1. Sort through 623, 598, 603 and tell me the only one that's closer than 18 Å to residue 22 by Cα, surrounded by fewer than 12 Cβ atoms within 10 Å (Cβ to Cβ) and either of a type in the set (Asp, Glu) or modelled with pLDDT of 75 or more (or both).
2. What do you reckon, is residue 417 assigned to a loop (DSSP other than H, G, I, E, B) and either among the aromatic types (Phe, Trp, Tyr) or over 27 Å from residue 307 (Cβ atoms) (or both)?
3. Kindly provide the set of residues from region 548-567 that are under 22 Å from the mean Cα position of the chain (by Cα) and among the basic types (Lys, Arg), ordered by number.
4. Quick one: in region 453-474, which of the residues that are among the hydroxyl-bearing types (Ser, Thr, Tyr) and at pLDDT 95 or above is nearest to residue 251 (Cα to Cα)?
5. Hey, does region 521-538 have a residue that's surrounded by fewer than 16 Cβ atoms within 10 Å (Cβ to Cβ), more than 17 Å from residue 111 (Cβ to Cβ) and in contact (Cβ under 8 Å) with a residue 60 or more places away in the chain?
6. Here are the criteria: (1) in contact with a helix residue (DSSP H, G or I) (Cβ under 9 Å, 6 or more places away or on another chain); (2) within 30 Å of residue 148 (Cα to Cα); (3) not polar (S, T, N, Q). Tell me which single one residue 507 does not satisfy.
7. Would you mind telling me which numbered condition in (1) under 32 Å from the mean Cα position of the chain (by Cα); (2) of a type in the set (A, V, I, L, M); (3) over 30 Å from residue 292 (Cβ atoms) residue 319 fails?
8. Go through region 485-516 and count every residue that is free of Cβ contacts under 8 Å to residues at least 60 places away in the same chain and either closer than 15 Å to residue 320 by Cβ or touching a Cys at 6+ places or on another chain (Cβ under 8 Å) (or both).
Amino acid sequence: MGLFASLHNAVSGLTVNQSQMGLVSRNIANAGTVGYSRRVLNVKETSALGITAGAVREVSVDRVLDELLQKQLRTEAAGAAYTSVKADYLQRVDSLFGQPGSAAGLNTIYGNFSTAIQQLAADPASPTTRQNALASAQSLAATLNSLSENIQLMRGEIEAKIADEVQYVNGLLEGIELTTKKLNEIQDSATRQGLLDQRDKYIDELSGYFDLRTFDSGTGNFNIYTTAGGPLFVEGRRLRLQFDERFAVSANALYDPNPALSGLGSLSIADPIGGAIALSSQGLVRSGSFGALFDLRDKLLVETQAHLDEFAAALTTSLGDRTVAGTAATVGLQQGFDLDLNALQSGNVVTLEYTEQPAGTRHKVSLIAVNNPAALPLPAASTADPNDIEFGIDFSGGMGPAIAAIGAALATVPGGAAFTVNNLGAGVVQILDDGGANTLDVNALSARATVTALTDQGLALPFFVDGNSGSQIYTGSLDLGSQKRGFSNGIKVNPALLADPSRLVVYQTVPTTTAIGDPARPSFLRDQIQSWETDFTPAISLTGSTSIYRGTSGQFLDRVIATQSQAASNAQALAEGQEVVISTLRERFAEISGVNTDQEMSDLIAIQNIYSANARIVSAVRDMFDALLRI
């Protein structure tokens, strides 16, 4: 190798060493910079005509990056954001229910009410026990009102939070677009690495809001999608999130994919050149904070509200409804029942049970009273039993048309053509089997009727009323939507009962007035609270299955509280576990892509040694040239 070649090689080495030292110093200076990836200099030995010349040259400045680990980190970041948001809200809901056994706990307040009714049954003549019963009832109603209001406040808070996050995410997408545009314009390797770091920082932050995937062809066609396929950034161009925030959120404000029917905002992504994709309605957001917020707003908190409404409705019904039993009837060979429909209110249910022969298949038909024809047909699952056959029966036109509607409905059920439905007059319907044909057997016919007055309608009384509509009697009406939905927000003690506490005991005024110490009504109320069972909607039955849950109001409440507490505990444990996972991944990522100052200093010493060696070569070649010149 000649002196010129040696000098050239050494000088090229010095040039590369200087760049390496500059890169190391830059790494060390950015050791604490969030999102900075360690840089390395790629070098290559020069060659000419396939012959290596020994000199080196800079090729590029690259980031030390494990792309697979980076992808996993972003996936887990979305999961961590989802579990964190969910755990936060479920913990808040759990705290609203109160610690079981504590003075402020919902189960304790309900227990106080139950105890007060027991004391009333034991001493019905005492004005003190009556006042205690009413006071405990008011406390229970106020607690349910507060719980329901806070649940809806949380849903409203989430609605506003989604709107705020949409604006912030649009800013992130704009940042990604700007950096991508610069990347397509700039060729300098070192500058490009800085831009890539900046873009990754935006994407890392974006992964906290969405579960996302990125695709980079290396030709500027950079794309970001949610894992379910929702586009966020396509062909180097950002799309824009849109959210039609609603400012009044109540129990009746439910999400519907049709914006015209929805009571809540919908998240969509819009292309600047036209067109939009609904992300929330098409299930394109599954994780991240957005996924958690939509799950909470549209499912979890809605279910919690339904739990409260179901409890409030069951408690009210247990005290304010009475059973109207059918009377056995025989007409020739036909057998069945007569039922008086006069006491029925809108929302009350007539239940018919029959057996279809010869297979012996049992069926249950629920005939739901309606006073608003526009409400028909009723939505599916209007009763708690998922296996019954349901019909809405219009009573607004009087008993004659209502009984005719019952006959028409029964004609459509399995084997129903064999029913005989007669109008006996005075509001009494008769339902008979087919007699000797043995096509079906009528097993039972009954109804639950809501009492509307404090006296002269039996032992039941409208203890609680619906304060959402003044002081309306709660009947479970479906005339204008479900009266049950949001009932816990408006449940209150009947003002007429507060005005005359004696009606807790006095249930009859004609032909004689109940004695003030008569235990009949207080004992009825006690027994209904302690023993009366009803079916609860399967979707919120808390059994983990589609089977109906049957129990008392108190049993249902205990199950609700226990399930809510367990859900909050599970969510917190999952959030903590997810945090451990993401912390571990971040540590691994930092080990690979982060700056280790000790390692950098060690590399710097090695580079300095190489620099010194190249400098000595230059010095030696210079001395040789001096010697040659002196000859």
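1. 598
2. It is false that residue 417 is assigned to a loop (DSSP other than H, G, I, E, B) and either among the aromatic types (Phe, Trp, Tyr) or over 27 Å from residue 307 (Cβ atoms) (or both).
3. If the condition is that a residue be under 22 Å from the mean Cα position of the chain (by Cα) and among the basic types (Lys, Arg), then 559 is the only one that fits.
4. Selected residue: 474.
5. Among the residues of region 521-538, not one is surrounded by fewer than 16 Cβ atoms within 10 Å (Cβ to Cβ), more than 17 Å from residue 111 (Cβ to Cβ) and in contact (Cβ under 8 Å) with a residue 60 or more places away in the chain, which makes the answer no.
6. Failed condition: (2).
7. Unmet condition: (1).
8. Summing the residues that are free of Cβ contacts under 8 Å to residues at least 60 places away in the same chain and either closer than 15 Å to residue 320 by Cβ or touching a Cys at 6+ places or on another chain (Cβ under 8 Å) (or both) in region 485-516 gives 5.
The values are calculated or read from the model by the stated rules, or taken from the named source; none is laboratory data. All of these numbers come straight from a predicted model, not from anything done at the bench. Every residue, glycine as well, gets a Cβ built from its backbone with ideal geometry; the counts of neighbours run over all protein chains shown.
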